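S.K.: Below you will find the structure I want to go over with you.
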Amino acid sequence: MDVHQFTHALQQLLRVDLDGVSAAERGAIVRAQLALAEDAARPLDHRVAFVPFVPGRRPVDEIRAPGLGSSEAIGLLGGAAPDHLTVLYRLSRAGQPLATVPDGLRLLATLHLLDGDGRPTRIVPGWDARPITAGHLGDVPDGAAVDRAFALRLDVDPVFEPLIHERRDPAAAFGFGSLFFERFRLVLALVRDGATLATDAFEFEIFDERGFGSLYARIADRLLPDDLRRQCAENGREVGIAFHPWFPVLCIGVAKANLYMKAIRGDVVREHRMLTDPAWLLRVGLYLELLTCLGIIEAVRATLDLLSPEERALFEGSPRFAELRRRIDRTAWTRVWELRGMAFLRTPGLDMPVGIQNLLRKKSATLAFLHAHHDDLKHAIAFAGANRMNAQETWQRVFRDAERATLTMNQEAFPELGYLPESVRRFVLWHRQGSAFGFSIGATLAGAFGDQDGLYPSACTQYRDSMNMVAAWAAERGLMEYTGDECVPRAVSLLESHLTGNHVRLAQLQRRDGYQGTLELRESDEAPRLLPPDEIRARIVGIALFRILTRAEVEQLARLARTITLGPTERILVQGNPGSSLFVLHAGKLEVIVKADGRERVVAELQPGAVVGEVAFLTGQPRTATVRAVDGATVIEIAARHLEPIVRERPVILDELTALMTSRTEVAEAALSPAGLLERLAAAIFGG
């Protein structure tokens, strides 16, 4: 073939005109065309990406507000109600979202069990390159063309129960040796003809619910009866276990653990929205129980070892217990255990199995227990990991559950009260130091109790003080953050609301936590109200930021928006945290707090219709202020990514939004050029 024939053949192949083109130019054209042909022959760029866990969001949010869903980071095994862990992921090709898996491609899921150092140890049975079908959680809202995430739902018990070969073996998965939980890595691969085109991994934890509270129960069922027999034998008396000074301590501990789990179960299993980050609370609660109970077990070991030989070997030799062993304060718990002596002396005029002083010994033991608990709380936070997103809201919920556990301890934990007149019972339980007695309790009892806080105020006040000191300690070390002088102010206390007669605040706090509006622990059937799209549209249609949108575009945003209910002092924005959503106040009041030079000040109080978070919404910059509810609020969340389908249809909106941004003081201070504003705005919208 001569040069002319070759040129003609090349022209036909590449469909370009090479006649009259110099050799150098012809070579450049050929190289460029061959590169294009080679690119076209390659498989298109595919991608699979898991949606991370985002505090405050749930997988079901992806149904009503696509783009605002979140994968779940924890699951519960062995509970009364079956749990389903839902992981969200997205598929794309050449940067464009996919609504289905393309023909000829398959999704394969592999589940790895990880060791304490995060290394895979084995594959969960049935989950070695398991084929899965890509499906959504629900139907997309009408007219909302958005990038929707797919959902992979794991039925926790059927998937993870096979890992437990023998429940009584403490070294088995999810047993005592693993601290009752395991960590897993889910790997999702997009494959074609055996070749992997894309892959991503997501890690989560599964907790065995049957392990929670088991150590508290072991102490209550074995240690206290053994000590009670000893004391009764030494004093020639026979009384019930409820008269033991440590009985209220363990009742409160078990009740508190149960309330934590109830809140976590409500969020994880039933997907209520009582917690911002149930995973963090679950880890804190688990490590707190381990530290406290193992501390007690070590303190009483010389008398009675509550660990089996197999558990003892794991506790003393397993690397998983190394840090726990180091942080357990055996001396502190020994001092608390020394306060278990019962007051058997009879009180004149009262036909009681023990003396009235036994109530004071119970109070002393309870307060000493909380004091030792103080350091355990610090260590539990360190084990649980840093939480700089929502630690304050979670910590306040922890405190209220501690209050609930304490306030339910009446005659069950203090049977001595059943032998006292009603006025005396009220005094012993509710009296506040420095206030007028207001009770007819008699000279003998007045002398015994004096003017000191009753059981409820003393326990709740000390617990609040302890939690605030722990929060301050954790904040100094970057483990927690909070707004205000105290992490747990009096305003979020059930006891304070009750004693001051603030029934409105009490009802708000109780309903936020899933209870009816009184001090009794009766569950509420009320679900947070989701605003209908028409009501959302009416609220946002007048916002300056959205005036550049057509009515149809505003309606599209309204269909994708998310409703959020806030409790008293609960924050929706935290200064310095990332974010790409704006929020419209629908009901209630919000206050804006700015921190500068280490000092916080309230700069505004907002009424319904106010908009917050616009700067982060428009630019993706960190939040410039903290915004929290005053006495509860309802807000509407609109994400930057919800503008994406609108901007794709009408790109000129980017220019109009950029012009609007330049007029905002906050953005002007950032000294961004118009080009930089446009680039940042595009990143905020298309990067989500």
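The numbers here are math on the coordinates, done by the rules we state, and not lab data. Source: prediction; values computed, not measured. Here the Cβ positions follow ideal geometry from the backbone for every residue, glycine too, while neighbour counts run over all protein chains shown.
S.K.: Which of the GluC sites (Glu not before Pro) across segment 229-328 are loop residues per DSSP, with 10 or fewer other Cβ within 10 Å?
M.R.: In loop regions of segment 229-328 (DSSP not H, G, I, E or B), the sparsely surrounded GluC sites (Glu not before Pro) are Glu238.
S.K.: Summing +1 for each Lys or Arg and -1 for each Asp or Glu, what net charge is found among the other residues whose Cβ lies under 14 Å from the Cβ of Asp128?
M.R.: Details: positive: Arg122, Arg130, Arg185; negative: none.
In short, +3.
S.K.: Express the C-alpha Rg of segment 518-663 as a ratio against the empirical globular expectation 2.2 N^0.38 Å, rounded to two decimals.
M.R.: Compactness ratio reported: 1.13.
S.K.: What residues from segment 163-186 fall in the zone where the backbone N is under 11 Å from a label point 7 Å along the Cα-to-C-beta line of Ala322?
M.R.: The answer is none, because no backbone nitrogen lies closer than 11 Å to the label point.
S.K.: Follow-up. Taking 7 Å along the Cα-to-C-beta vector as the label spot, tell me the Glu535-Gln516 distance in nanometres, rounded to one decimal.
M.R.: Result for the modelled spin labels: 2.4 nm.
S.K.: If you don't mind, another one. Order these by the 10 Å Cβ neighbour count, fewest first: Val504, Val249.
M.R.: Values: Val504 13, Val249 29.
Ranked by crowding around the Cβ, least crowded first: Val504, Val249.
S.K.: Could you compute the FRET efficiency for Asp305 and Ile548, with r as their C-beta to C-beta distance and R0 at 60 Å, rounded to 0.05?
M.R.: 0.25
S.K.: By how many nm would the segment from Asp329 to Leu114 grow when fully extended, if each residue of separation counts as 0.36 nm and the alpha-carbon distance is taken off?
M.R.: Values: separation 215, 0.36 × 215 = 77.40 nm, distance 2.96 nm.
Stretched fully, the Asp329-Leu114 segment lengthens by 74.4 nm.
S.K.: Right, another one. If you take the alpha carbon radius of gyration of segment 212-492 and divide it by 2.2 N^0.38 Å, what ratio comes out, to two decimals?
M.R.: For segment 212-492, the normalised Cα radius of gyration is 1.05.
S.K.: Compute the FRET efficiency between Val60 and Ala99 as 1/(1 + (r/R0)^6), taking r as their Cβ-Cβ distance and R0 = 22 Å, and round to the nearest 0.05.
M.R.: Calculated value: 0.65.
S.K.: If you don't mind, there's one more thing I want to ask. Tally Lys and Arg at +1 and Asp and Glu at -1 over the other residues with C-beta under 10 Å from the C-beta of Phe180: what net charge comes out?
M.R.: That sum, taken over residues with Cβ under 10 Å, equals -3.
S.K.: Using 0.36 nm per residue of separation minus the Cα-Cα distance, give me the extension gain between Ala587 and Arg432 in nm, one decimal. All intermediate terms of the calculation are to be shown ahead of the outcome.
M.R.: Working: separation 155, 0.36 × 155 = 55.80 nm, distance 3.61 nm.
Gain in length upon complete extension: 52.2 nm.
S.K.: Identify all lysines with a Cα-Cα distance to Lys256 below 21 Å; exclude those on the same chain that are fewer than 8 residues away in sequence.
M.R.: Straight-distance partners of Lys256: Lys362, Lys363, Lys378.
S.K.: With a sphere of radius 9 Å drawn around the Cβ of Leu114, what net charge do the other residues whose Cβ falls strictly inside it have (Lys, Arg +1; Asp, Glu -1)?
M.R.: Numbers: positive: Arg119, Arg183, Arg185; negative: Asp115, Asp117, Glu182, Glu203.
Charge balance near Leu114 sits at -1.
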